[in-house]
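Notes follow once the structure below has been shown.
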Number of protein chains: 2
Amino acid sequence: MKYPNKIKKKKNISQNSVFSFKNKGDTLEYDLNLSNHYYIQHDIAHIYKKPTPIKIVDIDQKNSLITKAFFQTPSTTDYNGIYRNMYIDFEAKETASNTSFALANIHKHQIDHLIKIKEHGGIAFLIIQFNNLNKTYILTIDDYVEFINNNDRKSIPIKYFDAKAHLVSYNLHPRIDYLSIIDELYFEGSKNEKENT
Amino acid sequence: MKYPNKIKKKKNISQNSVFSFKNKGDTLEYDLNLSNHYYIQHDIAHIYKKPTPIKIVDIDQKNSLITKAFFQTPSTTDYNGIYRNMYIDFEAKETASNTSFALANIHKHQIDHLIKIKEHGGIAFLIIQFNNLNKTYILTIDDYVEFINNNDRKSIPIKYFDAKAHLVSYNLHPRIDYLSIIDELYFEGSKNEKENT
């Protein structure tokens, strides 16, 4: 009697922790960090999440301890780095909606930044996860801008993602293999097939 | 009697604040941020300083206020971005020494990162400022590694900088025109002369 009970209890705790983790809205960030770590460890790409900017108000100088600080709005996007000689830059967002992605989720200055990156020869896109649909898409900055320019809606319907965006597959390693989509979109093939780009 | 005294006092305060600012070791960071802002405003390059990573220990959830946190060691370098289609990545350091730059100023994992960036087709270098000499150099990661491989010293003498590194000029705008050195080193000319690289 004792042993099965223990197992059951353990399972519940595990489920709870997954649930609360998901609710925090950072499963995508966690998975992307795992993926980037895999890419770095295998010397495939060197892409990092930038630290969240903090406005420091008070410091305990003696102990180098921050005692009062606020979160700030990032000036650009969350992720950048290098892949196959190219500068790569993207923002990643999750939504609980099953039908659309609200434009308000991304700051205008972040979109302006991604447009600039594209103009300067970089690879710029969004990774957008529909949590409840279990779907993660790559939407290029061009396709995002095309939607904005041709619609008055305040959100991008899931149909637009199905038509224009690129579904990312989940694996064990790397967790989210978003660079395989980048291979197809910007290099017309995998790294091994076409190295001399 | 009152007016001149006030002026004198004001002047002293101003000198003190400049002095303490310099002592904090962030004049280079300040000047680089001004320069990067200039480059961004003129759409020349999009290079940013990454926020300092913070380990958050306690948060006042109601007010989104961080009440206890520590500074962390950056996982990579301080600056990265895009210039003339190229990924660019560098670390910037100041020294009070007049004779050499101590290798201990830069973490090994930061050097390893810059080597990787170079291997993946990016532009990777160090900006090193000798505060008392009023000199700021760009040292490519290749020349840094060459020194390490051929010397047992724990610091790079100023002579090596004079021989191998590239002196950066100071202007009003941009304050530190480090991209003009990058033009010479990696593009064999200014942006206007050779756009189609």
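Per this entry, B:I56 is not counted among residues that are farther than 27 Å from A:K116 by Cβ and buried (at least 21 other Cβ atoms within 10 Å of the Cβ).
Here the condition is being within 14 Å of the chain's Cα centre (by Cα) and more than 8 Å from every other protein chain (Cβ to nearest Cβ); of A:N98, A:N105, A:N63, it holds for A:N105 alone. When each of B:I128, B:I117 is tested for being in contact with a strand residue (DSSP E or B) (Cβ under 7 Å, 6 or more places away or on another chain), open to solvent by less than 10 Å² (accessible area, probe 1.4 Å) and closer than 18 Å to A:Y87 by Cβ, the lone residue that passes is B:I117.
Of the strands (runs of 3 or more DSSP E) that lie entirely inside the stretch B:88-197, those containing 2 or more residues that are among the aliphatic types (A, V, I, L, M) and without any contact (Cβ under 8 Å) to a residue 40 or more places away in the chain span B:123-130. Within the stretch A:32-60, the set of residues being in contact (Cβ under 8 Å) with a residue 24 or more places away in the chain and either facing chain B (nearest Cβ under 7 Å) or closer than 15 Å to B:D58 by Cβ (or both) comprises A:H46, A:Y48, A:K50. Within the stretch A:79-97, the set of residues being crowded, with 17+ Cβ neighbours inside 10 Å and more than 21 Å from A:Q129 (Cβ to Cβ) comprises A:I82, A:R84, A:M86, A:Y87. Residues that are modelled with pLDDT of 95 or more and under 14 Å from A:Y144 (Cα atoms): does the stretch A:78-88 have at least one? Within the stretch A:78-88, not a single residue is modelled with pLDDT of 95 or more and under 14 Å from A:Y144 (Cα atoms). Report, by residue number, each residue of the stretch A:66-78 that is assigned to a loop (DSSP other than H, G, I, E, B), open to solvent by 40 Å² or more (accessible area, probe 1.4 Å) and facing another protein chain (nearest Cβ under 7 Å). If the condition is that a residue be assigned to a loop (DSSP other than H, G, I, E, B), open to solvent by 40 Å² or more (accessible area, probe 1.4 Å) and facing another protein chain (nearest Cβ under 7 Å), then A:S75 is the only one that fits.
When A:A69 is tested against (1) at positive phi; (2) modelled with pLDDT of 90 or more; (3) among the small types (G, A, S), just one condition goes unmet, and that condition is (1). Scan the stretch B:111-144 for residues that are within 14 Å of chain A (Cβ to nearest Cβ) and of a type in the set (A, V, I, L, M) and jot them down. Within the stretch B:111-144, B:I111, B:L114, B:I115, B:I117, B:I123, B:A124, B:I141 meet the criteria. The residue that is nearest to B:H46 (Cα to Cα), counting only those in the stretch A:131-145 that are of a type in the set (V, I, T) and open to solvent by less than 10 Å² (accessible area, probe 1.4 Å), is A:I141.
Taking the condition among the aromatic types (F, W, Y), under 17 Å from the mean Cα position of the chain (by Cα) and modelled with pLDDT under 95, does B:Y144 pass? In short, no. Taken over the stretch B:1-55, the criterion of being among the hydrophobic types (A, V, I, L, M, F, W, C), at pLDDT 50 or above, assigned to a helix (DSSP H, G or I) and farther than 18 Å from B:E94 by Cα is satisfied by B:I40 alone.
The values are calculated or read from the model by the stated rules, or taken from the named source; none is laboratory data. A quick note: this is a predicted structure, and the numbers were derived from the prediction, not measured. A quick note on method: Cβ atoms are made from the backbone with ideal geometry, for glycine too, and the neighbour counts reach across all protein chains shown. SASA here: full protein model, heavy atoms, side chains in, ligands and nucleic acids out. Shrake-Rupley method; radii C 1.70, N 1.55, O 1.52, S 1.80 Å.
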